[in-house]
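Data block below; observations after.
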Amino acid sequence: MPPLPVPVILVHRDQPERLLDTIDAFRAQDVPVVITVVDNGSARAPAVEAADVTVVLAGSNLGFGPAANIGYRRFLADPDAGEWVVLAPHDALPEPTCLSNVLSVLAQHSRAGLACADVGDGATPVVDPYFGGILVPARTGEGWEPVGHPHGTLMFARRACLDEVGIFDERYFAYCEEADLALRARAAGWECGLVRGAMVKNPHISSTSAAIDYLQLRNTLLLVRDHSGRYHTFIRFCIALWQLAAGSLAPRRRGPYWHPEGRLRGLADFLRGRFGPPPPDLLARR
């Protein structure tokens, strides 16, 4: 009996050429796949419907996490879809053995709930109680490596884990939602890991620096507050103010997506409890 195809969710917005390359990369896997494209309000819906590809229109730019949840809900509603579901953005490019490599390792970990492929950066995602999701040097060169959270470049989720702990918290819109899900999964006794050697590339950043800086800071504060408490949040907020001042005075201290207004508005919106999508004008700024 042939193996069940692996369900793959691709979140897409306004990058049809890259989406086609990503679909081809998943079709080239040495295990069968069935793909659901969740289109996040593109100017023109992608023309990729095929026997192995279904397009679901979100209707607007819901954000990565909420769009992924559309795919997750479809997967969870189908008991015959299998044990694992894969999530990736529209420009992830897995090597042909990526999915089979991850699946073979997952078969040895009965309590694995979330996992991700290897982006080749030699880093391990962890969750710090003050700084949220950060990267530290890798501890394993091959196979399963426990992580604080999987990254979203190519992420596996087990049906039983999602059934127990839920799907993405849609307040995050984008960034930090994987860390929040992983912390909930680990609190329920599930393991999270990265499979070294199961390679995937994700060469493009499509959001603006203003939106990225806004979301990363606001969402980190939300993550720290919900999982570490108010004391850690206060310290992280003070550090953010210091980083803003230091970065304004010393350019070498700036991060890769430095945008002072985005940071200030992220701090302000966290204080007022405004989550979900970033302010529309930040999406248009560089």
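FYI, it's all coordinate maths here, none of it is from the lab. Note that the coordinates shown come from a computational prediction; the quantities given were computed from them, not determined experimentally. Counting neighbours? That spans all protein chains shown, and the Cβs are built from the backbone with ideal geometry, glycine included.
A few comments on the model shown:
- Per-residue Karplus couplings for the range 184-194, computed as 6.51 cos²θ - 1.76 cosθ + 1.60 with θ equal to phi - 60°, are listed in order as 5, 5, 5, 5, 8, x, 8, 9, 10, x, 10 Hz, Gly and Pro entered as x.
- Spread of Cα-to-Cα distances over 10 Å intervals beginning at zero, given as percent, for the range 148-198: 25, 58, 17, 0
- Dipole moment magnitude, nearest 20 debye, the chain about Cα centre, only Lys, Arg, Asp, Glu C-beta charged: 1260 debye
- Cα-based helix-to-principal-axis angle, 209-228 vs the chain, degrees rounded to 10: 90 degrees
- A DSSP coil position with no more than 13 other Cβ atoms inside 10 Å describes the following trypsin sites (Lys or Arg not before Pro) in the range 115-162: ARG139.
- Qualifying trypsin sites (Lys or Arg not before Pro) in the range 1-86, where qualification requires a DSSP coil assignment and no more than 14 other C-beta atoms within 10 Å, comprise ARG44.
- When the Cα atoms of the range 209-283 are aligned to their principal axes, the ranges along those axes come out at 31, 27, 17 Å in descending order.
- Residues ASP118, ASP213, ranked from the fewest to the most other C-beta atoms within 10 Å, line up as ASP118, ASP213.
- Against the chain, whose longest principal axis is taken from its Cα atoms, helix 64-76 shows a tilt of about 30°.
- When the alpha carbon gyration tensor of the range 6-201 is reduced to an equivalent ellipsoid, the three semi-axes, largest first, read 24, 19, 16 Å.
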